[in-house]
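Below is one structure, written out as structure tokens; the observations come after it.
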Amino acid sequence: MEYFCIFLAVCVLIAFLFYIQWIWKDYYVYRKETRDSSISMDDEMRVTHTIENALRSDDVLLTSLSLTVDGKTADLDDLIITKNGVFIIIPYVGSYSRFTNKKMRQAVRRGKRQLYVLHKYLGLCGISIWLKFCIFVLDCDCTKKSRRYLFQPSDVDRIIHSKGMQTLDRSTINIIYTHLFQSIRMSHEEDRA
């Protein structure tokens, strides 16, 4: 009986430690995402201005979009809707090094999270389309061509205007824009309340 009580106490202690680790992991991920997503407003404006210069007359740009699906929130800085697909552009300031730079890996993780939330949100609206995220690396003199990383203003034009996995017609673009614009309007109304 004495050994059973000791065994039970050890089991309860182990379960408690796993529970604390689980809570700490969620808190740590939340802190890391909020801390690493801090990029100056000037840098965000520079990226937005670069994107605006690359847009054509039938392209749509949405900025500062906040979406929440299944308890997961994503703040999308720049979202572009073109006939070639929907693109999330993530601004990043720092050196370009895919495997060694911790901030670059965090930007990729942030992009995947935003892509997941946007895909789920559009799925709830009955829209199933091809989505892509790209990271715009500011102040980088790299001349490498990449499908995920954008270094020059010409890279933005090349990525968003190259034929994608599917071609969206004007009505689909309008439906996507309407659903996302309603989301923006609802979030601004909640901020005012």
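The values are calculated or read from the model by the stated rules, or taken from the named source; none is laboratory data. Predicted, not measured: the structure shown is a model, and the values here were computed from it. Ideal geometry is used to build each Cβ from the backbone, glycine not excepted, and the neighbour counts take in all protein chains shown. The protein model used for the area step is the full one, side chains on, heavy atoms only, and it has no ligands, DNA or RNA in it. Shrake-Rupley method; radii C 1.70, N 1.55, O 1.52, S 1.80 Å.
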Report task. State whether one or more residues within the range 113-127 are crowded, with 16+ Cβ neighbours inside 10 Å, modelled with pLDDT of 85 or more, out of contact with any Leu (no Cβ under 6 Å at 6 or more places or on another chain) and of a type in the set (Gly, Ala, Ser). Result -> no
Report summary line: Filtering the range 102-112 for residues that are under 16 Å from Leu150 (Cβ atoms), open to solvent by less than 40 Å² (accessible area, probe 1.4 Å) and not small (Gly, Ala, Ser) leaves a count of 2
Report summary line: Looking across the range 157-182 at residues that are surrounded by fewer than 14 Cβ atoms within 10 Å (Cβ to Cβ) and of a type in the set (Gly, Ala, Ser), the single one that is modelled with the highest pLDDT is Ser171
Query raised in the report: Of everything in the range 53-65 that's under 19 Å from the mean Cα position of the chain (by Cα) and on the phi < 0 side of the Ramachandran plot, which residue is most open to solvent (accessible area, probe 1.4 Å)?
Result: Thr63
Requested in this report: Show the residue pairs that are 6+ apart or on different chains and have beta-carbon atoms under 7 Å apart, the first residue being within the range 50-78 and closer than 20 Å to Lys120 by Cα, the second being among the aliphatic types (A, V, I, L, M) and open to solvent by 60 Å² or more (accessible area, probe 1.4 Å).
Outcome: Val69/Leu124
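Evaluate the following for Thr68: is it open to solvent by 10 Å² or more (accessible area, probe 1.4 Å) and outside any helix (DSSP H, G or I)?
Here the answer is yes, as Thr68 does meet what is asked.
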Query raised in the report: If the Cβ limit is 6 Å and pairs must be 6+ apart or interchain, which residue in the range 116-135 that is within 14 Å of Leu180 (Cβ to Cβ) pairs with which residue that is at pLDDT below 90 and among the small types (Gly, Ala, Ser)?
Result: Val117/Ala74
Requested in this report: Can you give me the number of residues within the range 137-156 that are modelled with pLDDT of 80 or more and among the hydrophobic types (A, V, I, L, M, F, W, C)?
Outcome: 4
